[in-house]
Amino acid sequence: MPDSGQLIVISAPSGTGKSTIINNVKGRMDKIGYAVSHTSRTPRPGEVNAVDYFFVSELEFERMIDEGAFAEWAKVYNAYYGTSFSTLRQNMDAGLDVILDIDSHGAANIRKHFSSAVLVFLVPPDIKTLKNRLIQRGKDSDEVIKSRMALAEYNIKQCSWYDYIVINDDLEKAVAEVCSIITAERRRTARMLSDENLKSDLKLSDI
């Protein structure tokens, strides 16, 4: 395996099953790292600092923004959320691939800073199925569902500049496809030849 890990960005509209797919991928693949995000919101019951999030004040978060500490950040419902360069580098330098669960805006920022990042967009089989999933969750009012659907249609239009599109019409198939993408990216020639041990074993040291 190459000495340095890579970033795998996974984006999807709400209700597509992104969290379930990511958790399944993490459970099946080795050398997957986890980038703990920073947030300015207060911890919820049971959340642990530096495990669930790095909990900082709004003033501290804004200071970090000014210092350019974040590879991507956003303000959601009056709280800041962001992924720091240091957290990503720590995982990547340890040879771990980091899966990032972020939206298209965050994905664009990650690609700007890490040109080799792999961008995967999850989509539902169709818009009707997505709406039914949101309704079946039973968590949102009709007004919230309408808002989520409008946002979903906007987000899906962003998939054209992602590297891969995975359709989640079957959970097992979608998980397998994401695992296959990560495996294929790990086997790219440039990444494999960055492994000095491999080059030495195959007598490719002059490449």
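Throughout, read-outs are computed from the coordinates displayed, never taken from laboratory work. Keep in mind it's a predicted model, so treat the numbers as computed, not measured. Note: ideal-geometry Cβ built from the backbone for every residue, glycine included; neighbour counts use all protein chains shown.
Can you tell me the relative contact order of the chain? Whole percent, Cα pairs under 8 Å, sequence separation 6 or more.
32 percent
Take every DSSP beta bridge whose two residues both sit in the chain, then give the antiparallel share in percent to the nearest 5.
30 percent
If eta is 0.890 mPa s and T is 25 °C, what Stokes-Einstein diffusion coefficient results for the chain, Kirkwood Rh from Cα pairs, in µm²/s? Let's see the in-between values first.
Working: Rh = 18.6 Å.
For these conditions, the coefficient is 132 µm²/s.
What ranking of Y53, Y34 emerges when the number of other C-beta atoms within 10 Å of each C-beta is taken as an exposure proxy, fewest first?
With the fewest neighbours first, Y53, Y34 line up as Y34, Y53.
Measure out, as a whole number of angstrom, how far apart the alpha-carbon centroids of region 91-165 and region 11-61 sit.
15 Å
Along the Cα→Cβ direction, 7 angstrom out, place labels at I165 and L193. What is the inter-label distance in nm?
3.3 nm
Under 20 °C and 1.002 mPa s, how fast does region 36-94 diffuse according to Stokes-Einstein, given a Kirkwood radius computed over C-alpha pairs? Answer in µm²/s, whole number.
Values: Rh = 11.7 Å.
For the chosen part, D equals 183 µm²/s.
Take the Cβ-Cβ distance between R28 and S86 as r, set R0 to 25 Å, and report the resulting FRET efficiency rounded to the nearest 0.05. Working shown, then result.
On the way: r = 28 Å, r/R0 = 1.11.
Efficiency at R0 = 25 Å is approximately 0.35.
Need the list of lysines near K18 for cross-linking: C-alpha distance under 22 angstrom, and skip anything on the same chain fewer than eight residues off.
Within the straight-line cut-off, K18 pairs with K26, K31, K75, K128, K131, K139, K146, K157, K173.
Quick one: length gained pulling N132 to A94 fully straight, 0.36 nm per residue minus the C-alpha distance?
9.5 nm
Counting only DSSP beta bridges with both residues in region 36-94, what percent are antiparallel, rounded to the nearest 5?
Working: 8 of 11 bridges.
If I count the DSSP bridges inside region 36-94, around 75 percent turn out antiparallel.
Give me, ordered by chain and number, the residues 5 or more places off E72 or on other chains with an amide H under 5 Å from its own placed amide H.
T83
Place a label point 7 angstrom from the Cα of L151 along the Cα-to-Cβ direction, then list the residues of region 119-136 whose backbone nitrogen is under 20 Å away.
120-136, by backbone N distance to the label point.
Based on the Cβ-Cβ distance from V36 to H105, what FRET efficiency comes out when R0 is 22 Å, to the nearest 0.05?
0.60
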